Amino acid sequence: MYYSPMSGYLRLGKYLLKKGVIRELDILKARLVQKKQNLKLGEIAKQRGWLNDDALSAILIMQEDTYERFGEIAAREGYLTKGQVEELLKEQDDSYILFGEALVSIGAVTEKELIRHLKDFNKLKLSGD
């Protein structure tokens, strides 16, 4: 059994690992690709020169206390405009890479294999078996 409602959320990597499709090292490599590619809003704003380290830290501290979204705090506190936040969100969305895409990018699976396994994985998740 790969998934049970009692065991919590099943991740694609664990499923593919149990099926023998990928290795643990592939999971680590794919996660590293995601970590590099999937930048946080503050990181993108800093790269663009819109936030410095002090502003970034201040927003992150407020975020810890309020659990609000980074962009909402940055705009409300005047660190960024709403237009800048929207631009950052678009850039973040455009460059976001999913775990399966990362596996394909490192050559752990082909796109065709990924699609086939995703179909099986989703069926399994939906059936709860």
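The angle separating the long axis of helix 24-37 from the principal Cα axis of greatest extent in the chain is about 30 degrees. Protein heavy-atom accessible surface, 1.4 Å probe, per residue over region 33-129: 67 Å².
Sorting the segments 68-81, 94-107 by their mean number of nearby beta carbons within 10 angstrom, highest to lowest, gives 68-81, 94-107. The alpha carbon radius of gyration of region 12-129, expressed as a multiple of 2.2 N^0.38 Å, is 1.36.
Using a probe radius of 1.4 angstrom, the carbon and sulfur fraction of the accessible surface of the chain is 52%. For region 4-78, dividing the convex hull volume of the Cα atoms by the residue count gives 128 Å³ per residue. Students often get this wrong, so check it: of 19/40; 35/123; 40/90; 40/112, which have C-alpha atoms separated by over 22 Å? Beyond 22 Å: 19/40; 35/123; 40/112. Angle of helix 82-95 to the longest C-alpha principal axis of the chain, folded into 0 to 90 degrees and rounded to 10: 20°.
The helix-only estimate of mean residue ellipticity at 222 nm for the chain, built from DSSP H runs of length n ≥ 4 each weighted as -39500 (n - 2.57), is -20500 deg cm²/dmol after division by the residue total.
Angle of helix 111-127 to the longest C-alpha principal axis of the chain, folded into 0 to 90 degrees and rounded to 10: 90°.
The values are calculated or read from the model by the stated rules, or taken from the named source; none is laboratory data. Note that the coordinates shown come from a computational prediction; the quantities given were computed from them, not determined experimentally. Please note: Cβ atoms are built from the backbone with ideal geometry, for glycine as well, and neighbour counts cover all protein chains shown. Surface accessibility is based on the protein's heavy atoms, side chains included, excluding ligands, DNA and RNA. Shrake-Rupley method; radii C 1.70, N 1.55, O 1.52, S 1.80 Å.
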